[in-house]
1. Calculate the FRET efficiency for Asp178 and Lys134 from the Cβ-Cβ distance with a Förster distance of 35 Å, rounded to the nearest 0.05.
2. Could you give the accessible area per residue of the chain, probe 1.4 Å, as a whole number in Å²?
3. For q = 0.17, 0.22 Å⁻¹, what log10 I(q)/I(0) does the stretch 111-236 give under the Debye formula with an equal point scatterer on each alpha carbon and no solvent?
4. For q = 0.13, 0.14 Å⁻¹, what log10 I(q)/I(0) does the chain give under the Debye formula with an equal point scatterer on each alpha carbon and no solvent?
5. Dipole of the chain (Lys/Arg Cβ +1, Asp/Glu Cβ -1, origin at the Cα centre): which of Ile68, Phe117, Leu162 lies farthest to the positive side?
6. Given only helices, namely DSSP H runs of n ≥ 4 each adding -39500 (n - 2.57), what is the per-residue ellipticity at 222 nm of the chain, to the nearest 500 deg cm²/dmol?
7. What pairs in Lys66/Lys122; Lys66/Lys144; Lys75/Lys191; Lys61/Lys191; Lys72/Lys122 have C-alpha atoms more than 32 Å from each other?
8. Given a 1.4 Å probe and every protein chain left where it sits, what share in percent of the accessible area of the stretch 1-106 is carbon and sulfur?
Amino acid sequence: MASKTPVIIEISEKDINVGRVMEKTEPAVVTPNMLITVPAHHFAIPYVDGEPFEKIRSCSKKKLRKFIGSDKEGKTVSVLYVSQKKLNTLPWGSGNLPIVYERFGGAKLRVGAGGTFTARIKDPKAFYDSLGRKYGVLNSDEVKSRIIAAFRNSISGILTELFIEAGEPVFNTDFMIDELERRINAAVCGKDAEKLAGVFFESAAVTDICVSEEDRIAFLEKYEKNKKEFLKLAKG
């Protein structure tokens, strides 16, 4: 005989303000009197035998069958809880990218750039699933780390291309900041992230572009010693 004590699917209230972004509960068998609680500022996506259902908004001890149907008894349910708190503006930095100048004797300069960007998790299910987890907590530090890494990977090629187009070593990079920002927003922002499922990049800002000081000094020293040869190479 089935127990009359209702099974409640919920997540711990104590974790709400300590950086939890998502949490997927361990599978449980659906019972007729199973209840679900969704904290304020969250929504939940129930999965019955792996099939996702519509979002459940904030509620307290509501019968699960109201949301998934009364015919799901005996099936397996797991619930993905998602915080609706927005991500803050995130920092990004891309450094030590090698630029090789064949026209200057194969001189190599390491370049980098940094700034901020905004993003949002557009598809929580796709994002959570992309991590290869079956269930468990996903905190804000890991979420931010994953999103920042994906953004950095998406813009590294743009930064490299900008330096290569210059045709010769650039050390005063202030004039490149606006152009790099324009290119990043045009190529990466306003669309889904290519390298991270479920994430949408909204906008980006560039605050600095830099060249390795060590490489700059080495290049100038080499240039002074081989000025005639470099000028000849630069003219093609």
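The values are calculated or read from the model by the stated rules, or taken from the named source; none is laboratory data. Not measured: the values here are computed from a predicted model. Glycine gets a Cβ as well: all are built from the backbone with ideal geometry, and neighbour counts include every protein chain shown. Please note that ligands, DNA and RNA were not included when accessible areas were found on the heavy atoms of the full protein model with its side chains. Shrake-Rupley method; radii C 1.70, N 1.55, O 1.52, S 1.80 Å.
1. Working: r = 46 Å, r/R0 = 1.31.
Once rounded, the FRET efficiency stands at 0.15.
2. Roughly 57 Å² per residue, with all protein chains present.
3. Each listed q corresponds, in turn, to -0.90, -1.23.
4. Debye intensities relative to I(0), on a log10 scale: -0.82, -0.90.
5. Ile68
6. Values: 6 runs with 70 residues, N = 236.
Helix-only estimate at 222 nm: -9000 deg cm²/dmol.
7. Details: Lys66/Lys122 26 Å; Lys66/Lys144 35 Å; Lys75/Lys191 37 Å; Lys61/Lys191 38 Å; Lys72/Lys122 28 Å.
Checking Cα-Cα distances, Lys66/Lys144; Lys75/Lys191; Lys61/Lys191 exceed 32 Å.
8. On the way: 3110 of 6210 Å².
Result for the stretch 1-106: 50 percent of the exposed heavy-atom area is carbon or sulfur.
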